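Single-structure report; data block below.
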Amino acid sequence: MIVHILSMVTRAFFFTVFALSLGATSAAAQEAPRLSNDRWSEDWSQSDAPFKNIALGPNLWVDFGADARWKFESATTPRFGLTGADDDSWLQQRLLAHANLRAGEHARLFVELGAFDVIGRDSPSSNDDNRFDVSQAFLDLDGAWNGSSARLRIGRQELDLFDRFLDAGDSSNIRRHYEGARFTLNAGPWEAEALSVNPIANDTGIFDDSVVPGEHIYGGFVTRSFESAWLRALYFDHARRSFNLAGDTSNDRRRTFGIGAGAESGPYEAEFEILGQEGDHGAQDVEAWGAYAGLTRSFADAPWSPSVTARVTYGSGDSDPTDGTLETYATPIPRGSWFSEGGFTSHSNIIEAALEVSARPHSDLRLDAKLAGLWRPEDGDFVYVSSHTALPGSRGGDEFIGLAPRLRFTWNPARHVTVRGEWTMVAASDRIESLGGGDPQYVNFSVALRY
């Protein structure tokens, strides 16, 4: 344990000095792009910042960069106190370094390495620790003609598609990675994408991560943009081995299809999404549905430029566990922070009706507050928390789960620094309390450095 802590502190100290020294010297950099989680997307071709846009030869340049994040988390009464998990607090450390090799305008090789540590966690997660491994390593081949463009990406990569469908998992210490191919086409108002990938399983050693056996995701989407609106259709096939849902662990294969749309008009912005699922879960057929609708009103001219969002999120539940049809909705990789980072609920057997207020007291500071009510659409199915985990004994009884307030802030005190925090809880229903459960609470605080 002592050796582990010393190793973590030593690497953290070295990386902090490295990142801060680079950040200080980059203040005078010209044409520096906005820093992003998708580090490959940053265009440093017009910059003179240190370690960026280094010419290696004719039509050959390389950019080097690095990220560090330290995140404290604390959970009280986790999973409503119904799974035997104790109160817990822990510290995450994420260190990343990347090289982005650009060959002209038509090829890129992006490689990102990472080292990850978690200290003090009593109930570790599979995405906590990894001594050293390849986070991403992919080749991009790009083409452009007559105002259209296409990209083929091959290799280990991250995916972040839509808020409620495929998420990169940034709330975890180790983000989700996949190996496979992804093709993107942009032609005027049209965008189309097709992909075929296998998720990567995290192992804690050095260069030992591998593909998850028996799991794949393939499919795609088409989006049509209009002057102030968009329309999308999607289809994805997701196979999982030994997937636990609704009290049954079986091989699960789901084909998800659906449509979504969004529009803006003055200070108003609206969005909706309807998704259906069919397939099989062991010997059962799958017939499930998910939906979302949201309306936002912005007040750009008011102090702090506030906005108010009313939204409803729905994921179907199983009405009859004995009829041979599983109606519990299960998204492939949903955004962990959609409801909250506390993991108090998931997209399965859920109705969330929420009101969220956002404000910017300063251009570098954003505040968010949300109050949500949580219900089960089917009382014959379980209450599900993060990772589609069913709470023991939660079938039957009242559909109401509880009230869930959430507070967040995001602060950028400097271009290379991001500070975030969140507090959330659920005031559990009488039904949850009758099972011996209580009110779960969760808080986090993180500091991230990026160059």
Please compute the length gained on full extension between residue 137 and residue 86, using 0.36 nm multiplied by the number of residues separating them and subtracting their Cα-Cα distance.
14.6 nm
Of the candidates 154, 440, 384, the farthest towards the positive dipole end of the chain (Lys/Arg Cβ +1, Asp/Glu Cβ -1, centred on the Cα centre) is 154
Give the Rg (one decimal place) followed by the Dmax (whole number) of the range 303-430, computed from C-alpha coordinates and expressed in Å.
17.0, 57
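Per residue and in Å³, how big is the convex hull formed by the alpha-carbon atoms of the chain?
Details: hull volume 67.2 nm³, N = 451.
Cα convex hull per residue, to the nearest whole number: 149 Å³.
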Can you compute the label reach from residue 369? Point 7 Å from Cα along the Cβ direction, backbone N cut-off under 19 Å, restricted to the range 411-441.
411, 421-427
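What does the C-alpha gyration tensor say about the overall shape of the range 153-232? Classify as rounded when a/c is under 1.5, otherwise prolate if a/b is larger than b/c, or oblate.
Details: a/c = 2.95, a/b = 2.08, b/c = 1.42.
In terms of gyration-tensor shape, prolate.
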May I ask for the distance between the Cα centers of the range 51-124 and the range 229-259, given as a whole number of Å?
27
So for the pair residue 322, residue 203, with labels modelled 7 Å out along Cα→Cβ, what separation do we get in nm?
4.6
Report, in deg cm²/dmol and to the nearest 500, the calculated mean residue ellipticity at 222 nm for the chain, where each DSSP H run with n ≥ 4 adds -39500 (n - 2.57) and the sum is divided by the residue count.
-2000 deg cm²/dmol
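Which order do the peptides 408-414, 48-54 come out in when sorted by mean C-beta neighbours inside 10 angstrom, highest first?
Details: 408-414: 15.4, 48-54: 17.0.
For the peptides 408-414, 48-54, the packing ranking is 48-54, 408-414.
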Per residue of the range 194-206, what does 6.51 cos²θ - 1.76 cosθ + 1.60 with θ = phi - 60° give for ³J(HN,Hα)? Whole Hz please, x for Gly and Pro, Karplus curve as stated.
10, 8, 9, 9, 10, x, 9, 8, 7, 10, 7, x, 9
With only Lys, Arg, Asp and Glu charged, each at its Cβ (+1 for the first two, -1 for the last two), find how big the charge dipole of the chain is about the Cα centre; round to the nearest 20 debye.
1340
Longest principal axis of the chain (C-alpha) makes with the long axis of helix 2-25 (C-alpha) an angle, in degrees to the nearest 10, of 50
Spin-label point model (7 Å from Cα, Cβ direction): what's the residue 55 to residue 268 distance in nm?
5.5
How many nm separate the modelled label positions at residue 163 and residue 355, each set 7 Å beyond the Cα in the direction of the Cβ?
1.8
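Using per-residue counts of other Cβ atoms within 10 Å, averaged over each peptide, order 238-247, 420-429 from highest down. Show your work: numbers first, answer last.
Values: 238-247: 18.3, 420-429: 20.4.
Top of the packing list down: 420-429, 238-247.
No value in this document is a laboratory result; all are computed from the given coordinates. Everything numeric in this text was worked out from a predicted model, so none of it was measured. All Cβ positions, even for glycine, are placed from backbone atoms using ideal geometry, and neighbour counts span all protein chains on display.
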